[in-house]
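S.K.: Below: one structure in structure tokens.
The values are calculated or read from the model by the stated rules, or taken from the named source; none is laboratory data. Note that this is a predicted model, so its numbers are computed, not measured. No Cβ is skipped: glycine too gets one built from the backbone with ideal geometry, and neighbour counts run over all protein chains shown. All accessible areas refer to the heavy atoms of the entire protein, side chains included, with ligands and DNA or RNA removed. Shrake-Rupley method; radii C 1.70, N 1.55, O 1.52, S 1.80 Å.
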Amino acid sequence: MVEADISKPSSVIAGYMQCQISGKRGLSTLAEISAMSSVDRESILGSCVPLTSTGEDEGTENLLLPAISNPEAGHGITTMWGELAEELTAFEASGYDVIVDLGRWTGNKDRRIALAERSDVMLYGLQPTFSALAALDYGKKSIEPLRDAVGRGDSSSAVLYQPAVGGSSTREVKKFLNMGISGEIPFAPKQAAVFSQGEPSSKRMMMRDSYMSAIRALRAKIFKDLDKTRELIQEESDAG
């Protein structure tokens, strides 16, 4: 998982990992490497940490590339994003599925566009409120034309985070955005705090509640869409 959100330091380290490791390792390391040479597979893997609650290797194959520790410095990065996108695309051949969290999108001048353009599946997360819908509609207008140009536009969809009260219906959101809805995450502050604020959790909470059930359903939908997209890409490649 790549935390490419440049608006803040690592949410995973602060939340799920409960600040048990330093945030110095990650995209900050890659930015330094990119300034001197270029980003490659070895430097990416060397900048990752095991994606576990402690940040230590517990036999997991899941890796985290933490966000840039200094958000102000993140806005000054230019060439690294294109290099990173190219290298991450090649990871698929080694059996890696890469999740990239872009966080807040800043529009046409966002330098991380290569990551959005090359992704096989693109998910827009939002609450179904008027302000969020307006912001997302503006943001996707700077992304989707580029994805359409490389045959990826059909694999974009939205994920709805239900607000405490109110909000538009799924049908209304789908119609407004002209986009499919891949999942709906219920309003569950206690469960969400495990990942965002480092609150302790129980095995029962993680396995049986509706919040985690919704996340597992979303995961299944993403993999289904991913398989479909890759099949289409392969068919186009064979035909060409």
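S.K.: Compute the Kirkwood hydrodynamic radius of the chain, taking the inverse of the mean of 1/r over all pairs of distinct Cα atoms, and give it in Å to one decimal. Before the final figure, lay out the partial values.
M.R.: Details: mean 1/r = 0.0524 Å⁻¹.
Every distinct Cα pair counted, the radius reaches 19.1 Å.
S.K.: With label points built 7 Å along Cα→Cβ from the Cα atoms of Ala220 and Leu146, find their separation and express it in nm.
M.R.: Modelled inter-label distance: 3.4 nm.
S.K.: Let me know the charge dipole size of region 1-149 about its Cα centre in debye, to the nearest 20, where only the beta-carbon of Lys, Arg (+1) and Asp, Glu (-1) is charged. Mind showing how you got there, number by number?
M.R.: Working: 12 positive and 22 negative charges, 131 e Å.
I would put it at about 620 debye.
S.K.: Let me ask something else about it. I want to check a number: in region 74-209, how many lysine pairs have alpha carbons closer than 29 Å, given a sequence separation of 8 or more or different chains?
M.R.: 10
S.K.: Express the carbon and sulfur contribution to the solvent-accessible surface of region 4-138 as a percent, rounded to the nearest whole number, probe 1.4 angstrom.
M.R.: Details: 3600 of 7180 Å².
Result for region 4-138: 50 percent of the exposed heavy-atom area is carbon or sulfur.
S.K.: So, in Å, what gap is there between the alpha-carbon centers of region 134-196 and region 41-118?
M.R.: Here the answer is 21 Å between Cα centres.
S.K.: Loop-only GluC sites (Glu not before Pro) in region 22-75, please: DSSP not H, G, I, E or B, and at most 12 other Cβ atoms within 10 Å.
M.R.: Numbers: sites: Glu32, Glu42, Glu56, Glu58, Glu61, Glu72; in loops: Glu56, Glu58, Glu61.
Here the GluC sites (Glu not before Pro) that fit, given the DSSP loop and packing criteria, are Glu56, Glu58, Glu61.
S.K.: Lys/Arg Cβ at +1, Asp/Glu Cβ at -1, dipole of region 1-154 taken about the Cα centre: which of Thr60, Val39, Asn70 is farthest positive-ward?
M.R.: Looking along the dipole axis, the top candidate is Asn70.
S.K.: What residues have an amide H closer than 5 Å to that of Gln127, excluding those fewer than 5 places away on the same chain, when H is modeled at 1.01 Å from N in the peptide plane?
M.R.: Distant-sequence amide H within range of Gln127: Tyr161.
S.K.: Same structure, new question: Along the Cα-to-C-beta direction of Ala73, a point sits 7 Å from the Cα; which residues of region 86-122 have their amide N less than 17 Å from that point?
M.R.: none
S.K.: What are the principal axis extents of the Cα atoms in region 46-162, in Å, biggest first?
M.R.: Reported extents, whole Å, longest axis first: 43, 32, 30.
S.K.: A further question on this structure: Longest exposed-loop-site-free stretch of the chain, with trypsin sites (Lys or Arg not before Pro), DSSP loop and at most 13 other Cβ within 10 Å? Write out the running numbers ahead of the final one.
M.R.: On the way: sites that count: Lys24, Arg104, Lys109, Lys141.
The reported range is 142-240.
S.K.: Using only DSSP helix segments of four residues or longer, with each worth -39500 (n - 2.57), what per-residue ellipticity at 222 nm results for the chain after dividing by its residue count and rounding to 500? Let's see the in-between values first.
M.R.: On the way: 12 runs with 110 residues, N = 240.
Using -39500 (n - 2.57) per qualifying helix, the result is -13000 deg cm²/dmol.
S.K.: Over region 102-166, what number does the Rg to Rh ratio reach, with both radii from the alpha-carbon atoms and Rh per Kirkwood?
M.R.: Working: Rg = 12.2 Å, Rh = 12.4 Å.
Dividing the radius of gyration by the Kirkwood radius yields 0.98.
S.K.: Where in the chain is the longest stretch that carries no chymotrypsin sites (Phe, Trp or Tyr not before Pro) classed as loop by DSSP and with at most 16 other Cβ atoms within 10 Å?
M.R.: Values: sites that count: Tyr96, Phe187.
It runs 1-95.
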